Amino acid sequence: MIKMIVGILILLLPVVSYAQKDPHILNLTQHWVGYLVLAIFGIAYTFVILEEKIHLSKSKPVLLAAGIIWIIIAWSQLQAGHDDWVEQAIHHDFLEYAELFFFLLVAMTYINAIAERGVFKALRDWLTSKGFSYRQLFWLTGSLAFMLSPVADNLTTSLIMCAVILAVGKDHPQFIALSCINIVVAANAGGAFSPFGDITTLMVWQSGLIPFQDFFKLFLPSLVNFLVPAIIMSFSISKDKPGAETESITSIRTGGIGMVFLFLATIVTAVSFHSFLGLPPVYGMMFGLGYLKIYAYFVTKKVRKKYLYYSDVVKDKAQQKEEFNVFDMIARSEWDTLFFFYGVIMCVGALGFLGYLVFVSDFFYGNFGPTIANTAVGVISAIIDNIPVMFAVLTMNPEMSEFQWLLVTLTAGVGGSLLSIGSAAGVALMGQARGHYTFFSHLKWTPVIALGYVAGIYVHFLING
């Protein structure tokens with residue numbers, strides 16, 4: 001019974017693939033070191049879950065836990081004369097983190113740059129100025145969220161679309177609530193069929209389990225996952241038109257459109273490096289960061305030339321506002337998420353090193369089979385962030401066909417839509433549309449979203465099985 005409880009707990013935790021690759025894997029699952037490490041990580045992750053309540057950044061408890069956990073392991077293995085094993089494990093885990101860190105850092109820098117140039121605001125203003133009906137806006141924002149999230153992250157996409165909804169739906173709370181639900185479902189579904197759409201899909205791609213082009217086999221299942229609840233919810237949206245908006249459209253700053261194309265070129269570069277040269281995708285992303293840095297040089301020169309003959313007062317305000325600095329964009333990255341990611345990898349790497357993941361893999365995938373286990377992963381990710389859940393699966397590395405790896409990629413990506421707290425997009429929109437979009441307004445439509453979840457899995461079996 002204790003092992004079963006531990007197994008369930010560990011499935012909710014993140015992990016890295018060292019345990020399955022290293023011949024010196026330990027078996028301390030019933031040792032005091034194993035119990036202590038498990039307890040420390042459980043306490044740390046409890047603080048992560050309570051982040052919105054206690055306002056403690058999620059990176060802080062896991063960073064502290066990672067340090068304490070590896071100190072305990074290092075000390076215990078030093079006594080046993082296996083300190084070199086610990087060093088090898090940490091090196092492996094840190095390399096895993098470094099590749100994902102720099103990949104995400106470049107992607108975040110590009111998104112921040114495009115946002116800073118006003119591209120997303122211009123899109124928002126254009127939508128609010130066209131006089132669409134509430135139902136049309138419901139479909140437009142949902143469809144755009146689905147189409148943008150495979151390239152931009154689902155959090156940024158959701159915030160942009162929610163800004164449109166809030167701007168035109170001030171006097172229509174039901175429209176805001178349903179549209180926010182639709183945006184969350186669409187953004188999560190859109191990110192599930194692209195290696196760039198979500199951190200979980202990125203992890204699967206970089207692990208080499210699924211080739212880049214094969215992720216697009218999930219396009220139709222993801223589309224169905226979005227459309228089924230959207231169609232049902234749309235009948236509750238009015239066909240009336242909101243009041244006319246007179247706000248002017250935000251002008252895109254110098255270089256904004258060029259940065260969009262450079263981001264697409266960077267994605268192509270990362271894919272090409274991996275597919276044709278056998279290099280990790282992160283090398284292509286870092287090369288693409290060079291595109292942005294060189295382009296920023298010419299953008300700055302163009303801005304300075306534009307304001308060359310203006311008065312000093314105008315230069316101080318307008319020129320400073322329009323100039324572009326890549327390092328400012330890097331500084332605006334989601335550092336809390338990046339450091340949380342580090343804590344997750346190091347903590348769960350420790351759990352794998354101690355032998356817990358071998359048991360969990362045998363218990364869930366051995367007893368229930370991959371289909372049930374992978375479907376359950378999506379449900380679990382509605383309660384726990386899908387990043388640690390997917391890390392757990394990757395670390396366990398169960399023997400599965402590509403079809404099953406695609407299934408778990410799909411379920412981990414879209415399962416967070418079942419609850420508002422199941423994804424970063426849902427949590428962010430609860431804050432942005434406070435009072436209109438809540439946990440319970442989302443929960444009311446969970447059965448409909450679950451219908452889309454099941455339908456997406458069915459379509460995956462139908463077309464890919």
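The values are calculated or read from the model by the stated rules, or taken from the named source; none is laboratory data. Keep in mind that what you see is a predicted model, and the values were worked out from it rather than measured. Here the Cβ positions follow ideal geometry from the backbone for every residue, glycine too, while neighbour counts run over all protein chains shown. These area figures cover heavy atoms from the full protein model, side chains too; ligands, DNA and RNA do not enter into them. Shrake-Rupley method; radii C 1.70, N 1.55, O 1.52, S 1.80 Å.
At Trp75 and Gln136, where each label point lies 7 Å from the Cα along Cα→Cβ, what is the point-to-point distance in nanometres?
6.7
Give the angle, between 0 and 90 degrees and rounded to the nearest 10, that separates the Cα long axis of helix 119-128 from the longest principal axis of the Cα atoms of the chain.
Once rounded, the angle reads 60 degrees.
Compute the long axis of helix 446-464 from its Cα atoms, compare it with the longest principal axis of the Cα atoms of the chain, and write down the angle in degrees, 0 to 90, nearest 10.
70
To the nearest 20 debye, what charge dipole does the chain have about its Cα centre, counting +1 at the Cβ of each Lys and Arg and -1 at the Cβ of each Asp and Glu?
1640
Using a probe radius of 1.4 Å on heavy atoms only, what accessible surface per residue do you get for the stretch 143-263? Whole Å² is fine.
36
Over the stretch 43-94, what percent of the accessible surface lies on carbon and sulfur atoms, probe 1.4 Å?
66
Working out 0.36 nm times the residue gap between Lys302 and Leu264, then minus their Cα-Cα distance, what length gain in nm do you get to one decimal?
Additional length available on full extension: 11.4 nm.
With equal scatterers on the alpha carbons only and no solvent term, can you work out the Debye log10 of I(q)/I(0) for the chain at 0.10, 0.12, 0.13 1/Å?
Once normalised to I(0) and log-transformed, intensities are -0.76, -1.07, -1.22.
Per residue, how much accessible area does the stretch 385-465 have with a 1.4 Å probe, in Å²?
36
Please give the helix 173-191 orientation as an angle from the longest Cα principal axis of the chain, in degrees from 0 to 90, rounded to the nearest 10.
60
Toward the positive end of the charge dipole of the chain, about the Cα centre and with charges on Cβ (Lys, Arg +1; Asp, Glu -1), which of Ile71, Ile232, Val448 goes farthest?
Most positive-ward Cα: Ile232.
Whenever you get a sec, compute what percent of the accessible area on the stretch 152-288 sits on carbon and sulfur atoms (1.4 Å probe). Don't jump to the answer; show the numbers that get you there.
Numbers: 3460 of 5280 Å².
Carbon and sulfur atoms account for 66 percent of the accessible area of the stretch 152-288.
Say R0 is 45 Å: what FRET efficiency, to the nearest 0.05, do Ser251 and Ser207 get from their beta-carbon distance?
Using R0 = 45 Å, I get an efficiency of 0.60.
Semi-axes, largest first, in whole Å: what does sqrt of 5 times each Cα gyration tensor eigenvalue give for the stretch 59-175?
On the way: eigenvalues 456, 49, 24 Å².
Working through the eigenvalues yields semi-axes of 48, 16, 11 Å.
Probe of 1.4 angstrom, ligands and nucleic acids ignored: what's the accessible area per residue over the stretch 96-137, in square angstrom?
33
When ranked by the protection proxy of mean other Cβ atoms within 10 Å per residue, highest first, what sequence do the peptides 378-385, 452-459 form?
Listed from highest to lowest mean packing, they are 378-385, 452-459.
Say a paramagnetic label sat at a point 7 Å from the Cα of Lys239, along Cα to Cβ; which residues of the stretch 121-158 have their backbone N under 18 Å from it?
Correct set: 131-140.
Place +1 on the Cβ of every Lys and Arg and -1 on the Cβ of every Asp and Glu in the chain, take the dipole about the Cα centre, and give the residue among Val326, Gly118, Phe193 whose Cα lies farthest towards its positive end.
Gly118
Determine by what factor the alpha-carbon radius of gyration of the stretch 375-465 differs from 2.2 N^0.38 Å, reporting the quotient.
Ratio of Cα Rg to 2.2 N^0.38 Å: 1.16.
How much length is gained on full extension from Lys53 to His31, taking 0.36 nm per residue of separation minus their Cα-Cα distance?
Full-extension gain reported as 4.5 nm.
Taking the Cα centre of the stretch 151-305 as origin, sum charge times position over the Cβ atoms of Lys and Arg (+1) and Asp and Glu (-1), and report the length of that vector in debye to the nearest 20.
700
Which percent of the accessible heavy-atom area of the stretch 343-465 goes to carbon and sulfur, probe 1.4 angstrom? Let's see the in-between values first.
Numbers: 2770 of 4060 Å².
Answer for the stretch 343-465 is 68 percent, counting heavy atoms of protein chains only.
Identify the trypsin sites (Lys or Arg not before Pro) of the stretch 233-303 meeting these criteria: DSSP loop state and at most 12 other C-beta atoms within 10 Å of the C-beta.
In loop regions of the stretch 233-303 (DSSP not H, G, I, E or B), the sparsely surrounded trypsin sites (Lys or Arg not before Pro) are Lys239.
Could you tell me the distance between the Cα centroids of the stretch 390-428 and the stretch 258-297, to the nearest Å?
Using only Cα atoms, the two centres lie 26 Å from each other.
Only Lys, Arg, Asp and Glu count, each charged at its Cβ (+1, +1, -1, -1), so figure out the dipole size of the stretch 319-390 about its Cα centre, rounded to 20 debye. Present the calculation step by step, with values, prior to reporting the outcome.
On the way: 2 positive and 7 negative charges, 46 e Å.
That gives a dipole near 220 debye.
For the stretch 183-236 and the stretch 432-465, write down the distance between their C-alpha centroids in whole Å.
12
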